[in-house]
Amino acid sequence: MADIKSFNLFRVNCLLNDSQSSTLNSILISVIHEKFFECQNKAETLEDIFAYIKDYLHIPIELDFLDNLIQSSKEFNIVPTQTSKLINLLPEEFKRVEAAISLNSIETHIIKYLQTNNLNSDGKIVIEKMLYSAVFENINSFSVDNLKSLIPNVDAFDFTKEEIDLFNAFLDENNDEKNKAIYNVFSRAVEFAILTTGKGIKQIDFKLFEDKSFILDTNIIFRLIGIGGKERQESTMYLLEQCRDLGIKFIYTGKTHIELNNKLTQIVNVLKSQKSQNTIDLLGQISDEHSELFHEDFIIHYSHLFHKGTIKTPDQYQRHLFSEYKTVLDKLNAEINKIDSIDPNDLRKYSKFLFDKKKERFHYYGRKASEVDAYNLLLVKKIRGQNNYNFNDVKSFYLTSDRTLNNIVSKQNESIIPATILPSQLFILAKSFFSSNENDYDEFIKFIKKRKTDFKYSGSQVLSYINSIREITTEVTIISESLILYSDITYHHAKEQNIKYATSVSSYKDVLNTIIDQKLSKGNTAQVMINNL
């Protein structure tokens, strides 16, 4: 068998041109195209191709099925031998494959982006790694075994701030062809994963959405009312409105409502504890001017509204969010769950299971949050009944933005369709049926941006900083410069020592005094400070 270096998802996607639907047959033909492209169209036996598909890619097909598929495609040169058949692409077909890859592969768009912006060619490896990581996040709940082997070193993916910034800048580039190519990578990977699981689907079609209900996670609701930034709010609302028009029903539970209410009360109490609203106003001004530094949490969101004059008190903010909450539920025609309660013993056991699994991954996760997730997931199970093994039959999903939870649930029982689904996964499955314009690909890009909060300030951190140094200065420019510089130094520590983002007020004051005393530019100061660490 010819030496195949790797299976390339980035190239396979551009060999499938019909974005409206894909069948197992068309995906298999494209996989074979990719194989021959990698070996420069060197002829192989039918058995070698079969072994590649079944043993390496783990696609469960029969030899006779593959033989008939190749013979009926009319794209292959087939030469019978005494023991088998030698197969490769017809010359004109191989040229077509080469042209499709050179024009449409995401690799081509990455190279063009780096060249246009005079960036180091090493960035190609970074962007590809991050794309593979994002692809895996979207396929892992559809087919872990079949596809994990196709994405190299997926468990070792970890990214620096600089790599995340490069990836997000590439995604932000205004280029419809590039965005379409990226979407196709994810779309084909998910289709490939679903179609090769043997879970009752031979084609992605509207049956996937018939009579389906999606239970909304609290964090999804927070996104919809603006927590997490305007881009996330708009993209999530766009997706859910399109799904509503497809006939998908949205449900929220009493547990979710209580969790949301408790969180808002907690935030309002934190905001009321601030002695000076001038600090909030200052935070709003800084975060408006340097949004790239901040994690868009409740405090940052409140500071934006306060600085604009939209909200004047924490109590007004709470009423504002509840009003947005009601508006969102009305827009989506979302209904409160009316199913009988979940068994308390099942709830206790499953809540503990989720809490322990999250703890293994070093994620902050409260016991109350684990109880809400457990309740909603058990409700999905109750709605589904025994229809847990076939994508067309399942009646409910838990729509969550929690990728760790999605990963835990996906691995819990891989023969069952996972109870969770991510917004990006839902977008991929439903996109072909949206009654909207052609640049929906741009909307999808917003779902796969990397937003690691390790590299951004939280609202409470900055409030602490501002309160601690007000006796030194209240100058917005100096405070902003010191925040930027301190983040640069912190990222340097995180990269060198492999630790998470950590801060201390005393070192922050040192940075502030350095700026004031030396009166250096931000760039020079950052280099001096980092070099002296």
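Observations on the model:
- Each Lys or Arg adds one and each Asp or Glu subtracts one; over the other residues with Cβ under 11 Å from the Cβ of Lys368, this totals 0.
- The slack in the chain from Ser73 to Ile258, taken as 0.36 nm per residue of separation less the alpha-carbon distance, amounts to 60.9 nm.
- Here the peptides 125-132, 218-225 are ranked by packing, the mean other Cβ count within 10 Å, and the order with the highest first is 218-225, 125-132.
- With the simple spin-label model, which puts each label point 7 Å out from Cα in the Cβ direction, the Thr265 to Asn333 separation comes to 3.3 nm.
- 20 Å Cα-Cα reach of Lys95 towards aspartates and glutamates, excluding residues that sit fewer than 8 places from it in its own chain: Asp18, Glu34, Glu38, Glu44, Glu75, Glu107
- Prolate is the label for the range 287-443, because a/c, from the alpha-carbon gyration tensor with a ≥ b ≥ c as root eigenvalues, is 1.5 or above and a/b exceeds b/c.
- Label-point separation, Asp55 to Gln82 (7 Å along Cα→Cβ), nm: 2.3
- Restraint check, Lys381/Lys456; Lys312/Lys449; Lys129/Lys352; Lys35/Lys124; Lys349/Lys395, Cα-Cα greater than 28 Å: Lys381/Lys456; Lys312/Lys449; Lys129/Lys352
- 1.4 Å probe accessible area per residue over the range 365-413, in Å²: 40
- The range 317-387, relative contact order [Cα under 8 Å, separation at least 6], %: 28
- Here the peptides 60-72, 106-118 are ranked by packing, the mean other Cβ count within 10 Å, and the order with the highest first is 106-118, 60-72.
- Solvent-accessible area per residue in the range 228-276 equals 47 Å², computed with a 1.4 angstrom probe and all protein chains kept.
- Extension gain, Glu289 to Phe65, is 74.6 nm, computed as 0.36 nm per intervening residue step minus the present C-alpha separation.
- Shape of the range 237-297, Cα gyration tensor, a/c cut at 1.5: oblate
- Ligands, DNA and RNA left out, the 1.4 Å accessible surface of the range 286-353 is 49% carbon and sulfur atoms.
- The accessible surface of the range 391-483, taken with every protein chain in place and a 1.4 Å probe, is 43 percent carbon and sulfur.
- Protein heavy-atom surface of the range 229-282, 1.4 angstrom probe: 48% of the accessible area is carbon and sulfur, with nucleic acids and ligands not counted.
The values are calculated or read from the model by the stated rules, or taken from the named source; none is laboratory data. Just so you know, these numbers come straight off a predicted model, no measurement behind them. All Cβ positions, glycine included, derive from the backbone under ideal geometry; neighbour counts span all protein chains shown. Surface accessibility is based on the protein's heavy atoms, side chains included, excluding ligands, DNA and RNA. Shrake-Rupley method; radii C 1.70, N 1.55, O 1.52, S 1.80 Å.
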